[in-house]
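The structure under discussion appears below in the form of structure tokens.
Any read-out appearing in this document is the output of simple, stated calculations on the displayed coordinates, not a laboratory observation. What you see is a predicted model, and the numbers here were worked out from it, not measured in a lab. Every residue, glycine as well, gets a Cβ built from its backbone with ideal geometry; the counts of neighbours run over all protein chains shown.
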């Protein structure tokens, strides 16, 4: 009995702490996303809040003094605190077991640098990862080494992570994260229902795009932002139901998507999930794919994290004490595809319809946000905005 | 020389006694008959046309044609100095000379001499249906269609179209000028429904066409969903809701040929099995067709006994005492998706009573699968409580049993 009680207490503590770290990571990642879309409101953009938190978490393991304080305060937590590395490891393990998700996070350090043992140990403890030492004095060869690494870690899905010219002889420390996601829907779209429709872009023009359509019961909710903007949230489950896509769109056609930037947060996502209801909808969304590569240096600098990129102000002495290091780049490559594919062999079973209400049509024919979330952990694999799908 | 002469004449006029004024008057009369145009001040018979020419200060009025200034050039044919009121001042007036300046002054005129001003007629109060005028329509026999064909809103003038944003979602029925009755399941987000997204249009013939003459458009100021309607199950018990409507001026529905209220029957009033009623809506017109009909349609349906409906077509868990069932002729016509919330109305003594709300059914127009309706007469107290209008729920126009 005594043992059981202790176990329960432990489980409870672990559970609440897991939620804590995940919400912090989601919030930080979404802040980065909001900053990124604010500077590019008319561009297709996808980031991984989980991935960003991972690489900057790795940066925390190497940080000391003022730099560690800065990272911890901006991210809302410190991985150097007792118990946190284990939580990160458990989170990563749960995600690694999901089909369709390939995640690669790594630290690339120049070959000549002698690494502190504490850094190797803590990186391994939290991320099950080791720093990779690369000869940056030969930038093109370094690029190929990194691309091979990312290809290996994403099952070949991301083979050309770094384009030419990204690295230089001055590069010493690179944090990188690559994700590939190819989920199939729990219930597929019927390709016969896909047809050409107009999509209204940010600049006021309209392009003809393939629009997929399905009618089924979705989790759906009507919400109002803090600024009084009406918007809808619809959940589309992937196979296995542990991962789903949340679609977020203003209700009124003439409201810009940027009006909802501040709505993206972990607490809001919790509220959405609590308040959504299963409702029959006819949903039309464009078929699209995204392959975006982004250097987050300017975005993170605008958020007050510029010091980590400054040779004179950054303190990564837990990585090495031999020379002052700063972060050269924080690179993220996101690749995902949204099409009609459902679970193999599955088909939308025609349900017997009882209701005589008109099935509400929701057509995402203008910019919208999408969030792909791992529900068991709450990790936000992707957040993105679609402003211009591929034309027919 | 002429100017000097004019001045002299004016001075002489002002000095003369009252008797001399009379003499002048005669001279003017002879002059005016010879002039082409009539004096503009004397043309309007509704204004003062008397012969008083003294102001309240006792001054003598100046002749209208002698006054300098572009304002008075229109009076060049007016040789008299009688008081007039060409611009509807409080009193008739004229121009007098004060310290070498011409000024307006009111005239001292007895009250009875002034003709009363013709007031515009008071506008009639806006016409609205009451519990004693409900259930009426102007029915052209040729437009009453059996079998679910196209209809006109004049034959279903209580028909309401409920929109969420630009999208049509449900029908409804106007039961008082301010309230539309519809189905609870039309608001699947329940208490969290954002009513500012919704609008109601009355007098509409086609969902995607607008006729400003026939239609009236409203926002929703209140939504009342039956508190016992359960969204979590496919259970349509208490499938009833109320929408309070108002236009951009805060007004409710105005009675027209295309907008009338339907009567509510008395509490728990039943109709005989086999009775024919009418249903109407803008919903799907063909099984399997994805798109919804654009036009208002109506059809006749026959009431089925509740027991038969429970035992033969559905079961007791599906159909309860708050529901009624009806089927189209030969099972070929029925309500379908898009018709929810709309009326099932029955004619009693030439008055239309709302007996049902279109609610659910297994598929549409399937053999041996009747449509199921919320039985409105079980909800008189609920409607009265939430609208605050007990007179409309009393069933006043329903014929009394003798």
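Which angle between 0 and 90 degrees, to the nearest 10, do you get for helix A:117-127 versus the longest principal axis of chain A when only C-alpha atoms count?
10
To one decimal place, what orientation-averaged projected area in nm² is obtained for the convex hull of the Cα set of segment B:153-394?
12.2
Tell me the label-point distance for the pair residue A:124, residue B:305, using the 7 Å Cα-to-Cβ offset, in nm and rounded to one decimal.
Each label point lies 7 Å from its Cα, and together they span 8.4 nm.
For the pair residue A:169 and residue B:132, how long in nm is the line joining their label points, each one 7 Å along Cα→Cβ?
So the two model labels end up 10.3 nm from each other.
Run the quick spin-label model on residue B:232 and residue B:166: label points 7 Å from Cα toward the beta carbon, then report their separation in nm to one decimal.
Using points 7 Å along Cα→Cβ, the separation is 3.7 nm.
Sketch the reach of a paramagnetic label on residue B:320 as a point 7 Å from Cα along Cα-to-Cβ, and name the residues of segment B:169-203 whose backbone nitrogen lies under 16 Å away.
Counting backbone N atoms under 16 Å from the label point, the list is B:184-185.
For residue B:381 and residue A:292, FRET efficiency with R0 = 45 Å and r from the beta-carbon atoms, rounded to 0.05?
0.15
Would you mind classifying segment B:226-365 by shape? Square roots of the alpha carbon gyration tensor eigenvalues, ordered a ≥ b ≥ c; an a/c under 1.5 is rounded, otherwise it is prolate if a/b is larger than b/c and oblate if not.
rounded
Need the C-alpha centroid separation for segment A:203-219 versus segment B:316-351, integer Å.
That distance is 35 Å.
List the relative contact order of chain A as a percent without decimals, with contacts defined as Cα pairs under 8 Å and 6+ residues apart.
Contact order relative to length: 24 percent.
Can you give me the C-alpha center-to-center distance between segment A:304-323 and segment A:125-181, rounded to a whole angstrom?
Answer, in whole Å: 20.
Going highest first, how would you order A:361-372, A:42-53, A:284-295 by mean Cβ packing within 10 Å?
A:42-53, A:361-372, A:284-295
Once you have a ≥ b ≥ c as the square roots of the Cα gyration tensor eigenvalues for segment A:62-185, tell me rounded if a/c is under 1.5, and otherwise prolate or oblate according to whether a/b is larger than b/c.
It is oblate, given that a/c is not under 1.5 and a/b is not larger than b/c.
Over what distance in Å are the Cα centres of segment A:27-52 and segment A:58-98 separated?
Taking the Cα centre of segment A:58-98 as reference, the centre of segment A:27-52 is 20 Å away.
So for segment A:165-272, considering every pair of alpha-carbon atoms, how many percent are separated by more than 19 Å?
When all Cα pairs of segment A:165-272 are counted, 64 percent exceed 19 Å.
Provide the FRET efficiency to the nearest 0.05 for the residue A:99-residue B:247 pair, computing r from the beta carbons and using R0 = 35 Å.
Efficiency, from the Cβ-Cβ distance: 0.05.
Can you compute the FRET efficiency between residue A:114 and residue A:202 using 1/(1 + (r/R0)^6), with r the Cβ-Cβ distance and R0 = 41 Å? Round to the nearest 0.05.
Efficiency for this residue pair is about 0.25.
Taking a ≥ b ≥ c as the square roots of the eigenvalues of the Cα gyration tensor of segment B:216-279, is the shape rounded (a/c under 1.5), prolate (a/b larger than b/c) or oblate?
Since a/c reaches 1.5 but b/c is at least a/b, the shape of segment B:216-279 is classed as oblate.
What is the mean number of Cβ atoms from other protein chains located within 10 Å of the Cβ atom of each residue in peptide B:334-342, rounded to a whole number?
Whole-number average of other-chain Cβ neighbours for B:334-342 is 3.
If you stretched the chain out fully between residue B:222 and residue B:349, how much longer would it get, using 0.36 nm times the residue separation minus the C-alpha to C-alpha distance?
42.4 nm
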